[in-house]
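Undergrad: Let me begin by handing over the structure; questions about it come next.
The values are calculated or read from the model by the stated rules, or taken from the named source; none is laboratory data. Since the model is a prediction, treat every value here as computed from it, not as a measurement. Every residue, glycine among them, receives a Cβ derived from its backbone with ideal geometry; neighbour counts consider all protein chains shown.
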Amino acid sequence: MNANEHLSKKVKVLIAKPGLDGHDRGAKVIVHTLKDAGMEVIYSGLHNTIDEIVDTALKENVDVIGMSIYSGAHLSLSQKLMALLKEKGLTDKLVLVGGNIPQQDIEALKDYGVNGVFPTGANLNEIVTFINERIKK
Amino acid sequence: MSNSKPEELKEVILESGIKVKPVYGPEDIKNIDFEKEVGQPGEYPFTRGIHPQMYRKRPWTMRQYSGFAGAKETNQRFKWLLEQGQTALNVAFDLPTQLGLDSDDPRAEGEVGRVGMAIDSLKDLEDAFEDIPIDKISTSLTINPVASVMLAMYLVVAEKHGVPWEQIRGTTQNDILKEYVGRGTWIFPVEPSIRLIADMVEFCSKNVPKFNPFSVCGYHIRESGATPAQEMAYAFEIAISYIEHILKRGLKIDDFAGRIAFNFDIHGNLWEQVAKFRAGRRLWAKIIKERFGAKNPRSMTLRMIAGGGGGGLTIEEPENNIVRGAYYALISALSGTQTMALCSYDEAYTIPSKKAAKISLRTMQILADEMGLCDTVDPLAGSYYIEWLTNEMEKKIVEWMEKVEEKGGMIKAVESGYIQEDVSYQAYLYEKGIQSGEIIKIGVNKYVSKEEEDRQVEFHPFNLDAAENQKKRLKEVKASRDQKSVSQALAELKQAAQTNENVMPYILKAVKCYATLGEITDIFKQVFGEFKEPAAFHK
């Protein structure tokens with residue numbers, strides 16, 4: 001790979017909806033936001049298992065995985081994701097969780113290894129900056 | 001007299017794209033033929049309301065969305081709501097139930113009983129409605145792709161209570177097209193999903209005449225990002241798709257149009273919402289009469305539940321949502337809704353607490369009994385602004401309907417992902433508007449509180465034992481039922497699903513012998529396959 005190719009490569013993000021929750025307004029707003037910020041974004045669509053999300057992340061070789069959860073099941077789903085990423089040796093992925101996340105659960109999510117938590121109403125620019133500061137292309 | 005010139009005033013453009021002047025007068029409504037276009041309440045074109053005396057005769061039905069954990073817990077909440085003066089039930093199911101998964105399905109893990117009640121078999125619904133007077137209340141079952149199964153279970157429960165089907169009043173939400181746009185509980189591809197809806201309409205028109213087999217939801221499309229005009233336009237296009245499908249079966253428009261219900265959203269600009277409903281009633285009446293040739297005036301009435309307004313509520317300073325809820329209720333009443341339901345102030349982040357649910361109910365009761373909202377019909381009629389805006393909204397709704405028809409109708413527009421893409425892009429623009437402060441939300445981007453406690457909220461405790469109990473109950477049901485009759489009923493259902501025969505009698509037979517929701521759904525998955533989501537982000 002020559003230097004120019006490296007420079008033009010975009011940050012690649014998977015925005016995923018795990019579980020059965022169908023509230024995808026937030027996830028789609030993030031897809032539009034990251035695309036507008038120049039990233040390459042893959043949207044999983046609804047009703048994914050954690051296995052399916054990790055498979056996609058692996059197959060597409062993404063830099064970032066963002067999960068959007070509104071059902072209240074964010075703790076168990078995130079724990080599962082982090083365990084499976086570890087099992088598959090994908091610990092280099094930047095993991096973000098967003099949605100209806102209560103303040104008191106943010107610490108627990110970070111303890112599982114989630115890099116960034118962005119509850120409903122989070123600043124869109126901050127999410128872009130968060131990713132750009134951590135993934136250097 | 002004010003010194004400010006009009007050009008110095010801030011421009012006001014409603015979400016639906018209508019520019020508002022600072023002052024309206026007789027000039028603005030001089031072209032309206034009041035007799036013909038506004039008319040009398042209870043008469044075509046129903047602009048002022050679908051009943052001649054509206055709330056003077058009977059206030060709106062109050063129906064809070066409710067359900068969590070297992071059937072027994074939900075039964076307690078139902079009874080409590082009825083004791084508080086609620087006049088109907090609106091049942092919330094958990095996501096596995098809404099997606100036709102039994103509680104022991106691996107995909108259901110962590111979701112059983114979380115956002116609503118878990119129903120695996122008839123046994124659960126029997127418990128949920130224990131000692132509830134099914135003959136006296138109307139029940140709304142908020143479920144879509146497997147609405148046919150839930151209706152069958154409800155009919156059997158009614159039978160067990162000794163209530164004849166002719167007396168049953170209620171609604172299954174059962175609007176699958178909007179699920180593909182927002183809300184997201186879809187299972188099967190579009191065509192067979194609509195076939196199930198038509199089967200239910202046909203069955204109900206003959207056997208359960210007071211039941212609304214589907215309720216077309218502009219609500220969730222608006223919540224997903226659509227403007228008020230699009231909300232109404234897309235709902236009408238969805239309803240037209242269903243109607244055209246049902247007519248192909250040989251039913252006449254007047255056989256079922258009087259049983260079509262609608263579900264609309266309230267948040268946003270007060271005047272725009274009121275005009276949306278007045279315009280919507282008039283336009284719907286015209287569509288049913290002129291396009292479909294209905295003769296019965298009842299077929300032409302836009303009957304609706306309006307309220308909710310979840311998209312307008314905020315997690316910041318949640319008590320402000322009580323105030324927003326009160327305004328939404330006022331808008332609903334001024335709009336002439338038949339049924340009202342409010343999102344509770346804590347609903348932006350949790351299942352409503354008892355306290356929050358009670359405040360919502362009291363909000364509606366205070367409005368009905370203390371504020372004079374039931375005194376006279378359509379009190380805003382004749383207002384220069386409201387009548388002008390009603391006309392403008394009607395034009396906007398028609399414009400958006402035409403756009404869908406250019407795409408080949410709602411089924412094609414949804415299958416291709418056109419509607420989903422459009423709505424999600426608007427949600428993005430709206431969010432940018434909030435973040436830039438262009439769209440004002442108090443407590444969010446204006447007068448933002450720095451106090452920590454303003455973001456602290458009380459969560460509904462999620463009981464992990466409830467899921468385990470539910471799985472145990474399912475095991476017991478499976479162990480105690482007659483397995484042979486279950487297998488036979490499911491085989492017969494499969495055969496019917498493969499032909500054009502109406503599946504309702506076969507579903508009834510299956511639920512009666514305690515076939516589970518998951519087993520019945522699996523039969524449909526085998527025959528119909530599953531929906532593949534179009535991922536469209538071209539903008």
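Undergrad: How many of the residues in segment B:309-318 are within 22 Å of B:Glu15 (Cα to Cα), within 14 Å of another protein chain (Cβ to nearest Cβ) and assigned to a loop (DSSP other than H, G, I, E, B)? Reasoning before the result, please.
TA: First, pick out the residues of segment B:309-318 that are within 22 Å of B:Glu15 (Cα to Cα): B:309-314.
Checking which are within 14 Å of another protein chain (Cβ to nearest Cβ) leaves us with B:310-314.
Narrowing further to those that are assigned to a loop (DSSP other than H, G, I, E, B): B:313-314.
Number of matching residues: 2.
Undergrad: Is it fair to say B:Glu476 is more than 21 Å from B:Leu151 (Cα to Cα) and of a type in the set (Asp, Glu)? So that I can check it myself, show each step before the final result.
TA: Working: more than 21 Å from B:Leu151 (Cα to Cα): yes; of a type in the set (Asp, Glu): yes.
Yes, satisfied.
Undergrad: If you go through segment B:98-130, how many residues are of a type outside the set (Ser, Thr, Tyr) and within 14 Å of chain A (Cβ to nearest Cβ)? It would help to see each step written out before you state the result.
TA: Here is the first cut: in segment B:98-130, the residues of a type outside the set (Ser, Thr, Tyr) are B:98-102, B:104-120, B:122-130.
Add one more test, that the residue is within 14 Å of chain A (Cβ to nearest Cβ), and what stays is B:98-102, B:105-116, B:118.
So the answer is 18.
Undergrad: Additional query: Does B:Leu95 fit the bill of being away from chain A (no Cβ under 13 Å), buried (at least 24 other Cβ atoms within 10 Å of the Cβ), of a type outside the set (Ser, Thr, Tyr) and in contact with a Lys or Arg (Cβ under 9 Å, 6 or more places away or on another chain)? I'd like the intermediate steps shown before the answer.
TA: Values: away from chain A (no Cβ under 13 Å): no; buried (at least 24 other Cβ atoms within 10 Å of the Cβ): yes; of a type outside the set (Ser, Thr, Tyr): yes; in contact with a Lys or Arg (Cβ under 9 Å, 6 or more places away or on another chain): yes.
Spelling it out, it is not the case that B:Leu95 is away from chain A (no Cβ under 13 Å), buried (at least 24 other Cβ atoms within 10 Å of the Cβ), of a type outside the set (Ser, Thr, Tyr) and in contact with a Lys or Arg (Cβ under 9 Å, 6 or more places away or on another chain).
Undergrad: Another question, then. State which residue is modelled with the highest pLDDT when the search covers only segment B:444-479 and only residues that are of a type in the set (Gly, Ala, Ser) and crowded, with 18+ Cβ neighbours inside 10 Å. Walk me through how you get there before you give the answer.
TA: At the first step, the residues of segment B:444-479 found to be of a type in the set (Gly, Ala, Ser) are B:449, B:466-467, B:479.
Then keep just the ones that are crowded, with 18+ Cβ neighbours inside 10 Å; that gives B:466-467.
On the way: B:Ala466: 86, B:Ala467: 90.
In this case the residue turns out to be B:Ala467.
Undergrad: So, one more: Can you give me the number of residues within segment A:18-45 that are at the interface with chain B (Cβ under 8 Å from one of its Cβ atoms), at pLDDT 95 or above and assigned to a loop (DSSP other than H, G, I, E, B)?
TA: Residues flagged as at the interface with chain B (Cβ under 8 Å from one of its Cβ atoms), at pLDDT 95 or above and assigned to a loop (DSSP other than H, G, I, E, B) within segment A:18-45 amount to 0.
Undergrad: Looking at segment B:176-227 only, could you name the residues that are touching a residue at least 60 places away in the same chain (Cβ under 8 Å), among the small types (Gly, Ala, Ser), farther than 19 Å from B:Ile507 by Cα and away from chain A (no Cβ under 14 Å)?
TA: Matches in segment B:176-227: B:Ser215 only.
Undergrad: If we scan segment B:422-431, do we find a residue that is within 29 Å of A:Glu126 (Cβ to Cβ) and in contact with a Leu (Cβ under 8 Å, 6 or more places away or on another chain)? It would help to see each step written out before you state the result.
TA: Within segment B:422-431, the first condition is being within 29 Å of A:Glu126 (Cβ to Cβ), and the residues that meet it are B:422-431.
Add one more test, that the residue is in contact with a Leu (Cβ under 8 Å, 6 or more places away or on another chain), and what stays is B:431.
Looking for residues that are within 29 Å of A:Glu126 (Cβ to Cβ) and in contact with a Leu (Cβ under 8 Å, 6 or more places away or on another chain), one finds at least one in segment B:422-431, hence yes.
Undergrad: Enumerate the strands (runs of 3 or more DSSP E) found wholly within segment B:199-308, keeping only those where 1 or more residues are over 20 Å from the mean Cα position of the chain (by Cα). First the steps, then the outcome.
TA: Working: elements: B:214-217, B:260-265, B:303-308.
Ranges flagged: none.
Undergrad: So, one more: Any idea which residue in segment B:104-156 is surrounded by the most Cβ atoms within 10 Å (Cβ to Cβ), counting only those that are under 23 Å from B:Gly184 (Cα atoms) and among the β-branched types (Val, Ile, Thr)?
TA: If we take residues in segment B:104-156 being under 23 Å from B:Gly184 (Cα atoms) and among the β-branched types (Val, Ile, Thr), then B:Ile119 is surrounded by the most Cβ atoms within 10 Å (Cβ to Cβ).
Undergrad: Now a separate question. Restricting attention to segment A:49-68, does a residue exist that is among the hydroxyl-bearing types (Ser, Thr, Tyr) and at the interface with chain B (Cβ under 10 Å from one of its Cβ atoms)? Steps first, answer last, please.
TA: To start, the set of residues in segment A:49-68 that are among the hydroxyl-bearing types (Ser, Thr, Tyr) comprises A:49, A:56, A:68.
Among the residues that remain, those that are also at the interface with chain B (Cβ under 10 Å from one of its Cβ atoms) are: A:49.
Scanning segment A:49-68 turns up at least one residue that is among the hydroxyl-bearing types (Ser, Thr, Tyr) and at the interface with chain B (Cβ under 10 Å from one of its Cβ atoms).
Undergrad: Just checking, does segment A:100-113 include any residue being away from chain B (no Cβ under 14 Å), modelled with pLDDT of 95 or more, surrounded by fewer than 21 Cβ atoms within 10 Å (Cβ to Cβ) and assigned to a loop (DSSP other than H, G, I, E, B)?
TA: Checked against the condition, which is being away from chain B (no Cβ under 14 Å), modelled with pLDDT of 95 or more, surrounded by fewer than 21 Cβ atoms within 10 Å (Cβ to Cβ) and assigned to a loop (DSSP other than H, G, I, E, B), segment A:100-113 yields at least one hit.
Undergrad: For segment B:329-350, enumerate the residues that are surrounded by fewer than 24 Cβ atoms within 10 Å (Cβ to Cβ), touching a residue at least 60 places away in the same chain (Cβ under 8 Å) and part of a loop (DSSP other than H, G, I, E, B).
TA: B:Gln338, B:Tyr349, B:Thr350, listed by residue number.
Undergrad: May I ask you to verify whether B:Ala479 is at negative phi, touching a residue at least 24 places away in the same chain (Cβ under 8 Å), part of a helix (DSSP H, G or I) and more than 12 Å from chain A (Cβ to nearest Cβ)? Don't jump to the end; show me each part of the working.
TA: Details: at negative phi: yes; touching a residue at least 24 places away in the same chain (Cβ under 8 Å): no; part of a helix (DSSP H, G or I): yes; more than 12 Å from chain A (Cβ to nearest Cβ): yes.
The answer is no for B:Ala479.
Undergrad: A follow-up question, please. Looking at segment B:81-100, which of the residues that are of a type outside the set (A, V, I, L, M, F, W, C) and without any contact (Cβ under 8 Å) to a residue 60 or more places away in the chain is nearest to B:Met304 (Cα to Cα)? So that I can check it myself, show each step before the final result.
TA: In the first step, residues of segment B:81-100 are kept if they are of a type outside the set (A, V, I, L, M, F, W, C); the result is B:83-87, B:90, B:94, B:96-98, B:100.
Within this subset, residues satisfying the condition of being without any contact (Cβ under 8 Å) to a residue 60 or more places away in the chain are B:83, B:87, B:94, B:96.
Working: B:Glu83: 24, B:Thr87: 16, B:Asp94: 24, B:Pro96: 27 Å.
Per the criteria, the residue is B:Thr87.
Undergrad: Of the residues that make up segment B:190-209, is at least one more than 30 Å from B:Ile523 (Cβ to Cβ) and buried (at least 24 other Cβ atoms within 10 Å of the Cβ)?
TA: The first filter runs over segment B:190-209 and keeps only residues more than 30 Å from B:Ile523 (Cβ to Cβ), leaving none.
Taking every residue of segment B:190-209 in turn, none turns out to be more than 30 Å from B:Ile523 (Cβ to Cβ) and buried (at least 24 other Cβ atoms within 10 Å of the Cβ).
Undergrad: May I ask you to say which residue of B:Ala515, B:Ala491, B:Ala510 is without any contact (Cβ under 8 Å) to a residue 24 or more places away in the chain and farther than 30 Å from A:Asp24 by Cα?
TA: Working: B:Ala515 fails: without any contact (Cβ under 8 Å) to a residue 24 or more places away in the chain; B:Ala510 fails: without any contact (Cβ under 8 Å) to a residue 24 or more places away in the chain.
Going through B:Ala515, B:Ala491, B:Ala510 in turn, just one is without any contact (Cβ under 8 Å) to a residue 24 or more places away in the chain and farther than 30 Å from A:Asp24 by Cα: B:Ala491.
Undergrad: I would also like to ask the following. Determine which member of the set B:Arg362, B:Arg291 is surrounded by fewer than 20 Cβ atoms within 10 Å (Cβ to Cβ) and within 30 Å of B:Val448 (Cβ to Cβ).
TA: Details: B:Arg291 fails: within 30 Å of B:Val448 (Cβ to Cβ).
Exactly one of B:Arg362, B:Arg291 is surrounded by fewer than 20 Cβ atoms within 10 Å (Cβ to Cβ) and within 30 Å of B:Val448 (Cβ to Cβ), namely B:Arg362.
Undergrad: Take the residues of segment B:389-425 that are within 14 Å of chain A (Cβ to nearest Cβ) and of a type in the set (D, E, K, R): which is surrounded by the most Cβ atoms within 10 Å (Cβ to Cβ)?
TA: B:Asp422
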